[in-house]
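Chemist: Dropping a structure here in structure tokens format, bear with me for questions.
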Amino acid sequence: SPTAAALLMLTAAALVAVTTLLAKALGRGIGGEPLPPFMVSGGRFAFAWLTLLPFVAWMRPSFKGAAWKLHAARSFCGWAGVSGMFAAAAVLPLADATAISFLNPMIAMVLAIPLLGERIGPWRWGAAAAALLGAVVLIRPGLAAFQPYSLVALAAAVFMAFEVVVVKMLAGGSTKAGEPPIRILFINNSIGATISLAAAATVWVWPSPAQWPMLVAVGMVMVTVQALFIQALKRADASFVMPFFYATLIFASVYDAAVFGDLPTALSVLGAALIIAGAVVLAWRERV
């Protein structure tokens, strides 16, 4: 179901950009003292876990036969990727940080070849290359793009790409049914909350009353993103759906302009156009 998978991934992209915007606000001290990235990622996992509790109590999923090693690997990569992304977003322009860290769809598409056995034809390579070119245009290479936090965002992209591949393994491909989505979500956020809260304790800053709702929102929105993400990967190849995640760059630019007044430049518009063109070509080719 490629059309449904693409729409699910686009919705996830819009919501991920919301969490990045909230992380930027928290990291810059909006509503209180600046919160360290480990604090923001701790809130992301802890409140996502709390959001899932009522659904787990209602659905009562079985945890027998869970692929614990894959879950642990996915949780660690997810925590490292999210923490790196939040750290970069607090320092770099939101569009730049998002563009660098969300190169992970391209990395994931390449990793899907040896790790998932997916086959990628010339149309997908061409469309993904157009999206990658759009990301490069949005980064606007120059002296500012090579500051240390750009490397943090790039490292986050690598961790996120590995997480994508592991999620696809857990969700199931053509050779197995995969694990139930609710089990994937709950195990991931349980392990992630343990890791992130332990890291947050080393840099703890007590959030202000205005910052608590933002931390809660980061967690609730991210667990929604995870659910959409898993459903998208169950409906199409990772190599097809992941390039749609580049739309996060567009949403991040719009949100940044609306909240922080950072208007997109002509190069930003060009980059967004290239990303949209790549996604449209992918959808058209998949339907053909």
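The values are calculated or read from the model by the stated rules, or taken from the named source; none is laboratory data. Computed from a predicted model, the values in this text were never measured in an experiment. Positions of Cβ are generated from backbone atoms using ideal geometry, with glycine treated the same way; all protein chains shown enter the neighbour counts. With ligands, DNA and RNA removed, areas are computed over all heavy atoms of the protein, side chains included. Shrake-Rupley method; radii C 1.70, N 1.55, O 1.52, S 1.80 Å.
Residues checked against (1) free of Cβ contacts under 8 Å to residues at least 40 places away in the same chain; (2) touching a Gly at 6+ places or on another chain (Cβ under 8 Å); (3) closer than 19 Å to residue 47 by Cα; (4) of a type in the set (A, V, I, L, M):
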| site | (1), (2), (3), (4) |
| --- | --- |
| 205 | no, no, yes, yes |
| 218 | no, yes, yes, yes |
| 258 | yes, no, no, yes |
| 267 | no, no, no, yes |
| 278 | no, yes, no, no |
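Chemist: Follow-up question, since we're still on this one. Assuming residue 84 fulfils every condition listed in (1) open to solvent by 70 Å² or more (accessible area, probe 1.4 Å); (2) more than 24 Å from residue 240 (Cβ to Cβ) apart from one, which condition is it?
Modeler: (1)
Chemist: So which helices (runs of 4 or more DSSP H) are wholly in the stretch 1-96 and hold at least 3 residues that are among the β-branched types (Val, Ile, Thr)?
Modeler: So the answer is 2-27, 37-59.
The rows are residues; the columns are (1) closer than 26 Å to residue 99 by Cα; (2) among the aromatic types (Phe, Trp, Tyr); (3) part of a helix (DSSP H, G or I).
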site: 164; (1), (2), (3): yes, no, yes
site: 191; (1), (2), (3): no, no, yes
site: 196; (1), (2), (3): yes, no, yes
site: 208; (1), (2), (3): no, no, no
site: 215; (1), (2), (3): yes, no, yes
site: 226; (1), (2), (3): yes, no, yes
site: 249; (1), (2), (3): yes, no, yes
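Chemist: For residue 239, indicate whether it is closer than 15 Å to residue 164 by Cα, surrounded by 24 or more Cβ atoms within 10 Å (Cβ to Cβ) and under 21 Å from the mean Cα position of the chain (by Cα).
Modeler: Yes.
Chemist: Another question about this same structure. Considering 209, 213, which residue is surrounded by fewer than 19 Cβ atoms within 10 Å (Cβ to Cβ), at pLDDT 80 or above and closer than 23 Å to residue 11 by Cβ?
Modeler: Just one listed residue meets the conditions, 213.
Chemist: Looking only at the stretch 9-63, filter to residues that are without any contact (Cβ under 8 Å) to a residue 60 or more places away in the chain and small (Gly, Ala, Ser); which one of those is surrounded by the fewest Cβ atoms within 10 Å (Cβ to Cβ)?
Modeler: 57
Chemist: Answer yes or no as to whether residue 73 is of a type in the set (A, V, I, L, M, F, W, C), within 22 Å of residue 200 (Cβ to Cβ) and modelled with pLDDT of 90 or more.
Modeler: Criteria met by residue 73.
Chemist: Would you say residue 184 is open to solvent by less than 10 Å² (accessible area, probe 1.4 Å) and assigned to a helix (DSSP H, G or I)?
Modeler: Considered against the rule, which asks whether it is open to solvent by less than 10 Å² (accessible area, probe 1.4 Å) and assigned to a helix (DSSP H, G or I), residue 184 comes out as yes.
Chemist: Being out of contact with any Leu (no Cβ under 8 Å at 6 or more places or on another chain), under 21 Å from residue 66 (Cβ atoms) and at pLDDT 85 or above narrows it down to one of 193, 258, 227, 201, so name that one.
Modeler: 193
Chemist: Right, another one. Determine, yes or no, whether residue 101 is over 19 Å from residue 248 (Cβ atoms) and of a type in the set (Ser, Thr, Tyr).
Modeler: In short, no.
Chemist: Exactly one of (1) farther than 25 Å from residue 254 by Cβ; (2) open to solvent by 10 Å² or more (accessible area, probe 1.4 Å) is unmet by residue 129. Its number?
Modeler: Unmet for residue 129, out of (1) farther than 25 Å from residue 254 by Cβ; (2) open to solvent by 10 Å² or more (accessible area, probe 1.4 Å): (1).
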